[in-house]
Each structure stands twice: as structure tokens, then as C-alpha cells.
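Coordinate-derived values only; no laboratory data. Bear in mind the structure is a predicted one, so any value in this text is a computation, not a measurement. All Cβ positions, glycine included, derive from the backbone under ideal geometry; neighbour counts span all protein chains shown.
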Amino acid sequence: MKSLHMLTFLLLVIGGLNWLLVGLFAWDIGMLFGGQGVLVSRIIYVLVGLSALYELFTHKGACKACAVQ
């Protein structure tokens with residue numbers, strides 16, 4: 001499960017950096033692959049979204065900082 005957690009965390013970082021680039025420069029990482037309509041870009045967006053859902057539902061059990069109270 002650690003490798004899945006690390007993969008989803010990495011995808012969330014990529015998604016966060018993408019939003020930063022969109023906000024600051026109106027440039028989307030998906031443009032590297034041909035734009036939002038290209039299948040590769042859409043797959044990346046879906047993977048980032050699924051990673052967010054996975055982390056949302058499993059984060060408290062996986063995060064040492066959140067588990068300590």
C-alpha cells in the first residue's frame with residue numbers, strides 16, 4: 001500500500017503544480033501532450049482525480065501527522 005500511496009501523492013503534486021501554472025501563466029501541463037482533448041492528457045487528468053479521491057479517503061490512516069492527536 002505504501003507504493004500506491006506514494007504514486008497517488010506524486011500525482012497530486014503534479015496536479016497541484018499544474019493548477020499553479022494555470023493560475024500564474026495560463027499554461028496547462030496537458031499542452032505538452034497536445035492539449036486537453038488528447039487521450040494522453042485526459043488519462044493524466046483522470047489519474048490525478050482518482051489519486052485525489054484515494055488520498056481523501058485513505059489519508060488519515062496513512063499519515064502519521066494526522067493519526068497523532
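Leu20 versus Val40, label points 7 Å from Cα toward the beta carbon: distance in nm? Between Leu20 and Val40, the label points sit 2.3 nm apart. If R0 equals 25 Å, the separation of the Cβ atoms of Phe33 and His59 corresponds to a calculated FRET efficiency of about 0.30. What is region 2-63 by shape, rounded, prolate or oblate, if you read a ≥ b ≥ c off the alpha carbon gyration tensor as root eigenvalues and call it rounded for a/c under 1.5, prolate for a/b larger than b/c, and oblate otherwise? The shape class here is prolate. Relative contact order for the chain: 35 percent, from Cα pairs under 8 Å spaced at least 6 residues apart, divided by residue count. In loop segments of the chain as defined by DSSP, the chymotrypsin sites (Phe, Trp or Tyr not before Pro) with at most 13 further C-beta atoms inside 10 Å of their C-beta are Trp27.
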